[in-house]
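First comes the structure, then the notes that go with it.
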Amino acid sequence: MTELKQTPLHAWHVDAGATMTDFNGWHMPLLMKGMTEEHLETRNSVGIFDLCHMGRVMVRGSGALDYLNKLTPAFLDDGRLGQVLYSFLLNEEGRTMDDITIYVGTDEHLVVVNAGNHDRDMEIMEKAARGNPKVEVEDYSTKWGMVAVQGPASDEVMHSVGLGCATKLSYYHHVTLKFAGAPAIVSSTGYTGELGYEIYLPWGEVSRLWEKLIAASAPLGGGAVGLGARDTLRLEASMPLYGHELNEETTPIEAGLKKFINFDKPAFVGRDALLALRDSGGAEQRLVCLEMTQRGPVPRQDYAVCAPDVEDPVGVVTSGAMSPCLQKNIAMAYVARDWARLGTHLEFEIRGRRHPAVVVKRPFYKRSD
């Protein structure tokens, strides 16, 4: 049996009594205190997240921007310096191999990938750079770690640990600061729908930063958050998760993410296929948000979505949970486009019974500021 990988914070999580789980080959905290409590702490105050399991790849060289432009559907140039771009690795059919973020720098660019796709993504990126002397691709996944500070009290916590300069950042921008003398990339990004920041710094400095973040968050009613609450937070914010809303069988257009595809570029992997799909009127299925209109069991991934008085399913659930903020069952699902309009009444089929739901606007939850 393969031994699970550990982040620099593994011992801290175990000592804190976290419920641990195997997540894509990493031994990660699923629960710290309780999923609902952690979820609401993040919404109402601040949550601190260990994200060291995520993959990090550094792309550098004089040809790096051209390389990333051809590899992804994002548009990158010198004018994007300091921005964080949400994008995708696609195959030639325009289907999603991973969703990624790109930190545009001066002479090197950080690409953050999903933990479960790390090895495949490295193969894709290294193959695309092969034979190009102007591009270097280096795996930083265990050289640099990653933690997140999310929630309305995030700014206060960032000031407390000496990273307050980042609180002036515009959304989806980044800056390089210093923490304990080491470089730290800080971005105004997150996966919760809240004000927040993600911090990248050398692997050996992660524990020191973590201790300071936990100490700063405690008086504010915040603390460490596990993967369970991270999932319910991103679902309330209607953010896609690879392996659920995105996979090798779906395109970004089907997932409602067409705005992140720059069709004005002359070439990128998957462009022709996506252009044909766009010009044909779009995909036959659409990703929608659904709220259950009565009390009932939670809809889970792969449960059927049906239309009233129609025997065959019209869609399938990709993610579902009881929303701690809305106090109702919610789900994201792919449905046939004729059933994807806002206000359409559908049904979840759960253990042989149907439960009424309605298509609602994204996101389920949006912060008030």
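Read the figures in this text as sums done on the coordinates, not as results from a lab. Because the structure is a prediction, the values reported are computed rather than measured.
Gap in Å between the Cα centre of the stretch 115-131 and the Cα centre of the stretch 1-61? The stretch 1-61 and the stretch 115-131 have Cα centres separated by 24 Å. Structure remark: mean-square fluctuation, Gaussian network model of the chain, C-alpha springs under 10 Å; the largest value among 81, 346, 246 belongs to 81. Specify whether the C-alpha gyration tensor of the stretch 55-139 places it in the rounded, prolate or oblate class, a ≥ b ≥ c being the square roots of the eigenvalues: rounded for a/c under 1.5, otherwise prolate if a/b is larger than b/c and oblate if not. It is rounded, given that a/c, with a ≥ b ≥ c, falls under 1.5.
With 0.36 nm allotted per residue and the present C-alpha distance subtracted, the residue 14-residue 349 stretch has 116.8 nm of extension available.
Pairwise alpha-carbon distances in the stretch 231-369 exceed 19 Å for 51% of all pairs. Between 138, 245, 311, find the one with the highest GNM mean-square fluctuation for the chain; connect C-alpha pairs within less than 10 Å. Evaluated over the chain, the most mobile residue of the options is 311. Given the options 285, 327, 301, state which has the largest fluctuation in a GNM of the chain using a 10 Å cut-off (strictly under) for Cα springs. Result: 327 has the largest fluctuation of those listed.
Averaging the Cα positions of each part gives two centres, and for the stretch 192-206 and the stretch 265-280 these lie 34 Å apart.
Below 8 Å between Cα atoms, with a sequence gap of 6+, how large is the relative contact order for the stretch 55-139 in percent? Intermediate results must be reported in sequence, preceding the final value.
Details: 148 pairs, mean separation 33.2, N = 85.
Relative contact order, the stretch 55-139: 39 percent.
Amide H contacts under 5 Å for residue 247: 96, restricted to partners 5 or more places along the chain or on a different chain, H placed in the peptide plane at 1.01 Å from N. Pairs of Lys residues in the stretch 222-369, spaced 8 or more positions apart or belonging to different chains, with C-alpha separations under 20 angstrom: 5 in total. The mean sequence distance of close C-alpha pairs (under 8 Å, at least 6 residues apart), as a share of the length of the chain, puts its relative contact order at 17 percent. Amide hydrogen proximity for residue 5: with H placed 1.01 Å from N in the peptide plane, the residues at 5 or more positions away or on another chain lying under 5 Å are 26, 27.
Diffusion of the stretch 245-323 by Stokes-Einstein, at 25 °C in a medium of 0.890 mPa s and with Rh set to the Kirkwood radius over alpha-carbon pairs, works out to 165 µm²/s. The shape of the stretch 284-360 can be summarised by an equivalent ellipsoid whose semi-axes, obtained from the alpha carbon gyration tensor, come to 17, 13, 11 Å from longest to shortest. Per residue, the convex hull spanned by the Cα atoms of the chain measures out at 151 cubic angstrom.
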